[in-house]
Amino acid sequence: MKLFDVYPLYPIEPVRALGAKLWDKEGKEYLDLYGGHAVISIGHTHPHYVKRITDQLSKIGFYSNAVQNSLQEELAEAMGRISGYYDYQFFMCSSGAEANENALKLASFHTGNRKIIAVENAFHGRTSGAVAATDNPKIVAPFNNGHEVVFVPLNDLKALTEAFDDDVAGVIIEGIQGVAGLYTPSDAFLAKARELCDSYEAVLILDEVQSGTGRTGKFFAHQHSIVRADIITMAKGMGNGFPVGCVLISPEIEPWHGMLGTTFGGNHLACAASLAVLEVIEEEHLLKNAAEMGVYLETELKKIKEVKEVRGKGLMIGAEFDFDVAALRKTLIFEYGIFTGSASNKNTIRLLPPLSISKAELDQFLAALSKELNK
Ligand code: PLP
């Protein structure tokens, strides 16, 4: 059987990794400033993370959500404390798209409405139709044929206001738009969304799948503003490579048995991986490092004349050029051994290094970038 060919591949196979470093089969070293779309939060193969998972695996790796699993409660407790959403409810799943599907379902269950307001160019995952193809009124929220989605431009308060009516179930906004090219919702846009959700009794969903788990120097990107969300979705950095996602749910949304469900979500290994991530974030003060290294990276990038704009926060940074960066990114990988990321905006280099990245590692990238641009 051959692989279903949907990914253009670089001819490189990392076989070993540590911190922000990768090594291929020939032993060539690479610096990882991308972490597979912000997945690597505490660094590759962190010893505490490896030990937590392997210890857990030697006891029990999986059973079912029909029996008690105190690791889920331990994780919910830690998540509430570190995120500041103490009184929220915690539901685990296995990916970002699944977290967002559950968030949209919850908005619909809670309000009885099907209309969702989303932001143009946003990215929330790749599932489609899973719910639309499910014909069970106990499982499917009141939108059997899927949601009606109305898109508004990011930070357009007028369009947001005009999109609202009594049929709105919720608004979904990325903490920072990752795939689109590192665009941040303004404080005013978030505050308006909060105000409109309150007056129309709709649900404010913050998609922190990419921008969460401390990436921007706060636990969630939207916490740079004072706005609180009703539902927050997480995945990517939450498991540092272990496939796990979750939904944080306001106490005002009441659960009932069968409302949400999953086979793999919240299994013992996923909990062990996620607990290890939170423990390392706290123990090694990684929010502080992400904030400080983010300021350093932004300041140094702004000194490079070919960099036309720097967007994002903390270690979720986009450097904008006035040319397509595909060739530059390729050169950085093959000639300098540095992985960076792209965005759907072709002129943006997306930087999502581990939250533990050092100044010396960022300097390695900055020197390579300057050298290549001055050739
Ligand atoms: N939401 C955001 C903001 C994302 O960036 C992504 C993936 O890139 C997703 C959701 C989907 O996550 P997953 O690929 O884990 O389903």
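The values are calculated or read from the model by the stated rules, or taken from the named source; none is laboratory data. The shown structure was predicted, so the numbers you read here are calculated from the model rather than taken from an experiment. Cβ coordinates were reconstructed from backbone atoms using ideal geometry, including for glycine residues, and neighbour counts include every protein chain displayed.
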What's the total number of residues in segment 68-115 that are buried (at least 21 other Cβ atoms within 10 Å of the Cβ) and closer than 19 Å to Val227 by Cα? 6
Restricting attention to segment 190-218, and to residues there that are within 16 Å of the ligand (Cβ to nearest atom) and polar (S, T, N, Q), which single residue is surrounded by the most Cβ atoms within 10 Å (Cβ to Cβ)? Thr213
Could you grab me the full set of residues in segment 161-189 that are away from the ligand (no atom under 13 Å from the Cβ) and touching a Phe, Trp or Tyr at 6+ places or on another chain (Cβ under 7 Å)? Phe164, Asp166, Val168
Only one of (1) in a loop (DSSP other than H, G, I, E, B); (2) surrounded by 24 or more Cβ atoms within 10 Å (Cβ to Cβ) fails for Pro251. Which number is that? (2)
Mind listing whichever residues of segment 346-362 are among the charged types (D, E, K, R) and in contact (Cβ under 8 Å) with a residue 40 or more places away in the chain? Arg350, Lys359, Glu361
Kindly provide the set of residues from segment 1-39 that are touching a residue at least 24 places away in the same chain (Cβ under 8 Å) and not in a strand (DSSP E or B), ordered by number. Tyr10, Ile12, Ala20, Lys28, Leu33, Tyr34, Gly35, Gly36, His37, Ala38, Val39
Just one listed residue, out of Gly266, Gly258, Gly212, is at pLDDT below 95, in a loop (DSSP other than H, G, I, E, B) and not aliphatic (A, V, I, L, M), and it is Gly258
Ile82 vs. criteria within 29 Å of Pro354 (Cβ to Cβ) and outside any helix (DSSP H, G or I): no
